[in-house]
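Bear in mind these aren't lab numbers, they're just calculated from the coordinates by the rules spelled out. All of these numbers come straight from a predicted model, not from anything done at the bench. Glycine gets a Cβ as well: all are built from the backbone with ideal geometry, and neighbour counts include every protein chain shown.
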Amino acid sequence: MTQSDAISACQNYTNNITIPTINDHITVTGSYVLDTDHHNWAEIHPAYTLAIS
């Protein structure tokens, strides 16, 4: 991890997620948050599950 302000929030979090390939359709489950510290973008963080269909 290289983002210093995320280290404490992500400490001890592990999850094995298969990385999809180009053109795969996916469904992601996780917390949908507005990241006000990083340009106010919306993100799913952390992703708990990722289903490839």
| field | Subset of segment 1-48 (residues that are surrounded by fewer than 10 Cβ atoms within 10 Å (Cβ to Cβ) and touching a Ser or Thr at 6+ places or on another chain (Cβ under 9 Å)) | value | 25, 27
| said: If a residue must be part of a loop (DSSP other than H, G, I, E, B) and either in contact with an Asp or Glu (Cβ under 6 Å, 6 or more places away or on another chain) or among the aliphatic types (A, V, I, L, M) (or both), how many such residues does segment 1-36 contain? | reply: 4
